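A.B. asks: Please read through the structure below; I'll follow up with questions.
The values are calculated or read from the model by the stated rules, or taken from the named source; none is laboratory data. Predicted model only: the values in this text are computed from it and were never measured. Every residue, glycine among them, receives a Cβ derived from its backbone with ideal geometry; neighbour counts consider all protein chains shown.
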Amino acid sequence: MLVSHAHRMLFVHVQKTGGSSVDRLLSEHVADVQRVQGLPGARHAKLRVALRQHPELRDYFVFGFVRNPWARLLSWHSMIVRRSEAAEANDFVAQRLAANNFWLRVASDFPDFEDFVLRGTREIPRLAVPQLDWLRAPARDADFIGRTEHLDRDLAAALGRAGLDLGPAVRLDQRNAGPSRDYRSAYTPQMRDRVAEVCADDIAAFGYEF
């Protein structure tokens, strides 16, 4: 979670929605941007937690992004598999993997994407948490929720509402975007229906379809 006090702006980073790209862009182009410290969940802290600990942020412009749930789960699993494989030859990646219990468990217990969807969404609580849960707080929801599917456009709109214009030359570096293939090809009907069940709140709220 990043904050700019000069622009009274708070960015809520939902996992696997392009947030790392937004983090980098804001850190490079907004002079006073900084991470909100001491929050459970760290960079992926939820809005309600941040406002509980920092009520002075309640009147800031709050924004974040959501992603098609089927594409998001595939991207999440693919990232962990890539990092697990890279850890064999890269000590830095190995250290990061060893320090992340979630990544370790997925890499060891759910190396197959089908198992990750069908069993992981039942056994790993965070996989079943709606993306909306990061962007809502009692009596205070995010002011702007963009879509990863058109990240550049929606980020420009969000920053415009915060009074920031970074110019047309600024483009997001989506280095963790995940597989380029159509996510649908990775799903069986049973897997598709499981995600529809688990992510029903996000699907209803944002109109996502398989």
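A.B. asks: Mind listing whichever residues of segment 70-90 are more than 19 Å from Gly19 (Cα to Cα) and among the hydroxyl-bearing types (Ser, Thr, Tyr)? Can you show your working first?
C.D. replies: First, the residues of segment 70-90 that are more than 19 Å from Gly19 (Cα to Cα): 81, 84-90.
Residue satisfying the conditions is Ser84 alone.
A.B. asks: Then there's this: For segment 115-136, name all the residues that are over 17 Å from the mean Cα position of the chain (by Cα) and either surrounded by 16 or more Cβ atoms within 10 Å (Cβ to Cβ) or aromatic (Phe, Trp, Tyr) (or both).
C.D. replies: Narrowing segment 115-136 to residues over 17 Å from the mean Cα position of the chain (by Cα): 115-120, 122-123.
Within segment 115-136, Phe116, Val117, Leu118, Gly120 qualify.
A.B. asks: Hey, does segment 134-144 have a residue that's within 16 Å of Pro69 (Cα to Cα) and either in a loop (DSSP other than H, G, I, E, B) or modelled with pLDDT under 95 (or both)? Step through it out loud before you land on a result.
C.D. replies: So in segment 134-144, the residues within 16 Å of Pro69 (Cα to Cα) come out as 134-135.
Imposing the further condition that a residue be either in a loop (DSSP other than H, G, I, E, B) or modelled with pLDDT under 95 (or both) reduces the set to 135.
Scanning segment 134-144 turns up at least one residue that is within 16 Å of Pro69 (Cα to Cα) and either in a loop (DSSP other than H, G, I, E, B) or modelled with pLDDT under 95 (or both).
A.B. asks: With the checklist (1) of a type in the set (Lys, Arg); (2) over 26 Å from Arg140 (Cβ atoms); (3) not in a helix (DSSP H, G or I) in hand, flag the one item Arg24 doesn't pass.
C.D. replies: Among (1) of a type in the set (Lys, Arg); (2) over 26 Å from Arg140 (Cβ atoms); (3) not in a helix (DSSP H, G or I), Arg24 violates only (3).
A.B. asks: Another question, if that's okay. Quick one: in segment 100-124, of everything that is outside any helix (DSSP H, G or I) and of a type outside the set (Val, Ile, Thr), which residue is modelled with the highest pLDDT? Full working, then the answer.
C.D. replies: Pass one, segment 100-124, residues outside any helix (DSSP H, G or I): 100, 110-112, 124.
Subset that is of a type outside the set (Val, Ile, Thr): 100, 110-112.
Values: Asn100: 70, Phe110: 86, Pro111: 79, Asp112: 91.
If we take residues in segment 100-124 being outside any helix (DSSP H, G or I) and of a type outside the set (Val, Ile, Thr), then Asp112 is modelled with the highest pLDDT.
A.B. asks: Taking the conditions exactly as written (assigned to a helix (DSSP H, G or I), farther than 30 Å from Arg192 by Cβ and modelled with pLDDT under 90), does Arg96 satisfy them or not? Don't jump to the end; show me each part of the working.
C.D. replies: Working: assigned to a helix (DSSP H, G or I): yes; farther than 30 Å from Arg192 by Cβ: yes; modelled with pLDDT under 90: yes.
Yes, satisfied.
A.B. asks: What is the one condition in (1) in contact with a Lys or Arg (Cβ under 8 Å, 6 or more places away or on another chain); (2) touching a residue at least 24 places away in the same chain (Cβ under 8 Å); (3) not β-branched (Val, Ile, Thr) that Ser27 does not satisfy?
C.D. replies: Only one criterion is unmet by Ser27, namely (1).
A.B. asks: Does Arg105 satisfy the criteria of being assigned by TED's automatic domain parsing to the domain that holds Asp141 and more than 13 Å from the chain's Cα centre (by Cα)? Walk me through it before giving the result.
C.D. replies: Values: assigned by TED's automatic domain parsing to the domain that holds Asp141: no; more than 13 Å from the chain's Cα centre (by Cα): yes.
Judged against the criteria, Arg105 is not a match.
A.B. asks: Quick one: what pairs do we get from segment 191-210, first residue more than 15 Å from Val117 (Cβ to Cβ) and in contact (Cβ under 8 Å) with a residue 60 or more places away in the chain, second acidic (Asp, Glu) and not in a loop (DSSP other than H, G, I, E, B), C-beta under 9 Å, 6+ apart or different chains?
C.D. replies: Asp201/Asp133; Tyr208/Asp202
A.B. asks: Scan segment 182-196 and tell me whether some residue there is modelled with pLDDT under 95, among the β-branched types (Val, Ile, Thr), part of a loop (DSSP other than H, G, I, E, B) and at negative phi.
C.D. replies: Within segment 182-196 (the criterion being modelled with pLDDT under 95, among the β-branched types (Val, Ile, Thr), part of a loop (DSSP other than H, G, I, E, B) and at negative phi), the answer is no, since none of the residues qualifies.
A.B. asks: Quick one: count up the residues across segment 81-93 that are part of a helix (DSSP H, G or I), modelled with pLDDT of 70 or more and surrounded by 14 or more Cβ atoms within 10 Å (Cβ to Cβ).
C.D. replies: 5
A.B. asks: What number of residues within segment 34-73 satisfy the criterion of being closer than 26 Å to Ala200 by Cβ, crowded, with 19+ Cβ neighbours inside 10 Å and among the β-branched types (Val, Ile, Thr)?
C.D. replies: Residues in segment 34-73 being closer than 26 Å to Ala200 by Cβ, crowded, with 19+ Cβ neighbours inside 10 Å and among the β-branched types (Val, Ile, Thr): 2 in total.
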